1. Please report, ordered by residue number, the helices (runs of 4 or more DSSP H) entirely within segment 319-434 with at least 3 residues that are within 30 Å of P295 (Cβ to Cβ).
2. Report yes if D290 is part of a loop (DSSP other than H, G, I, E, B), out of contact with any Asp or Glu (no Cβ under 8 Å at 6 or more places or on another chain) and at pLDDT 95 or above, otherwise no.
3. Which one is surrounded by the fewest Cβ atoms within 10 Å (Cβ to Cβ), of the residues in segment 197-225 that are away from the ligand (no atom under 16 Å from the Cβ) and in a strand (DSSP E or B)?
4. Of all residues being closer than 15 Å to M148 by Cβ and in a loop (DSSP other than H, G, I, E, B) in segment 240-283, which is nearest to the ligand (Cβ to nearest atom)? Just the residue, please.
5. Where residues in segment 226-237 are under 16 Å from F34 (Cα atoms) and aliphatic (A, V, I, L, M), which of them is farthest from the ligand (Cβ to nearest atom)?
6. Which of the residues spanning segment 194-238 are farther than 26 Å from M316 by Cα and of a type in the set (D, E, K, R)?
Amino acid sequence: MTITLNETHDPARRSFVDSANLPDSDFPIQNLPFGVFRPPGQQPRVGVAIGDHIVDVAEAGAGFGGLAAEAARACRAPYLNYLMSLGPQAWSELRLALSRGLSAEYGGASVRSALVPMADVELLLPAAIPNFTDFFASVFHATNAGRMFRPDSPLMPNYKYVPVAYHSRASSIRPSGAAFKRPCGQRKPPNETVPNYGPSRNLDFELELGFYVGAPSELGRPVPIGKAAEHIFGFCLLNDWSARDVQAWEYQPLGPFLAKSFATTVSPWVVTAEALAPFHTAAFARPEGDPAPLPYLDDADDRAHGGLDISLEVYMATESMRRAGSAPLRVTQTSTAWLYWTVAQMLAHHTSNGCNLAVGDLMGTGTISGPEKANLGSLLELTLRGTEPLVMPNGEKRGFIEDGDEIIFRGFCAKPGFARLGFGECRAVVLPAA
Ligand code: CA
């Protein structure tokens, strides 16, 4: 990892924005995640979350100098792509200028006048996303899901060699809060001989960590694993909605297609790679007997620090729960520390054939399941394909997602000696099929 700790990670730093200093705030001054917001009646622009406010970065940049000022000017835009394309040095200098400008110690007049209450604005998709690739990096999920689709050979023989992925659709990615319609597709129940077409009966969520490529790479030139982290701008929560009945029928031999491409929801705030620097851990320890990664996927530094420890949770609220004002039910909690492959391995593998990375590309880790029943990242696993439904506090049962249900992801990092950082929320309501 090339990112080192600096004054922006100092847990003692406080902001003059009081809500950022509350112990349970997702957005303390040590976080400073980037997103895109639209004030009423105005053009969208890039902002940074601080407590319950947003800093309009281009406005704040009037008081910055050098590369930070240039980076702030790139934020007068409806997407993060212009800022991303300036590269890691610019991202870092802008973060430092914002951290100082928002601090109680220094404070900055240009930053003070650029604050907007978050409740007053609309949060949009943070980037123009050219490509979306979804990995399959949790060995626990791969084994659980494989067992249901292929009881005889749950884990394919390539799994421990190849960070498996498929190309999904960028066109149907929506920000948190955007409802979507239940997809229709071909379904073939096991007791029938031919498929029929209709609304999916087995709609599921997939709890994933997303990461955005900031720095592009050249076509024909693989990114070495030791350089992969420098290409990552930041991380988000990602729900890869999945129609399991459509998936079971269509996935062989080329993998998921229409079972996944109808909708993907991302959280609006992108937590930068630099903000997450304190939360790196050793990569997942491969059990004895597992093959070593091939040399292009192996790196001593990545083995020592390439893992990430981000706690993730899924909450569920049915329509009648929301009408009654009941709190959503937490249905699972897991951690990115259980991923078999690191993000650097995923990114290095992605470019290993010479395929280039584009500014704004989004990657998903795949469903993040842990070893225990309480740590499973999809309903497919939590309810054993619907056979053991979840029971809501009001007695309603859910094998899969029903119309009107809302799924909410939350995520945070916590570690002694550092400020707690949150990801905000990634939520959406499922509407009836068209
Ligand atoms: Ca997925």
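1. By residue number, 343-351.
2. Numbers: part of a loop (DSSP other than H, G, I, E, B): yes; out of contact with any Asp or Glu (no Cβ under 8 Å at 6 or more places or on another chain): yes; at pLDDT 95 or above: yes.
Criteria met by D290.
3. Start the filter on segment 197-225 by keeping residues that are away from the ligand (no atom under 16 Å from the Cβ), which leaves 197-199, 201, 212-225.
If we keep only those that are in a strand (DSSP E or B) as well, we get 197-199, 212-213.
Working: Y197: 9, G198: 12, P199: 17, Y212: 26, V213: 26.
If we take residues in segment 197-225 being away from the ligand (no atom under 16 Å from the Cβ) and in a strand (DSSP E or B), then Y197 is surrounded by the fewest Cβ atoms within 10 Å (Cβ to Cβ).
4. Result: P256.
5. Among those residues, the one meeting the criterion is I232.
6. Within segment 194-238, E218, R221, K227, E230 meet the criteria.
Results for (1) touching a Ser or Thr at 6+ places or on another chain (Cβ under 8 Å); (2) at pLDDT 95 or above; (3) acidic (D, E); (4) part of a helix (DSSP H, G or I), shown as yes or no for each residue.
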{"position": "V36", "(1), (2), (3), (4)": "no, yes, no, no"}
{"position": "V55", "(1), (2), (3), (4)": "no, yes, no, no"}
{"position": "S92", "(1), (2), (3), (4)": "no, yes, no, yes"}
{"position": "L96", "(1), (2), (3), (4)": "yes, yes, no, yes"}
{"position": "S110", "(1), (2), (3), (4)": "no, no, no, yes"}
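Quick grid of which residues meet (1) within 25 Å of T272 (Cβ to Cβ); (2) surrounded by 15 or more Cβ atoms within 10 Å (Cβ to Cβ):
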residue	(1), (2)
G325	no, no
R330	no, no
A348	yes, yes
L382	no, yes
T387	no, no
R410	yes, yes
K415	yes, no
V429	no, yes
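The values are calculated or read from the model by the stated rules, or taken from the named source; none is laboratory data. This one's a predicted model, so the numbers in the text were calculated from it and none came from an experiment. Heads up, the Cβs are rebuilt from the backbone with ideal geometry, glycines too, and the neighbour counts pull from every protein chain shown.
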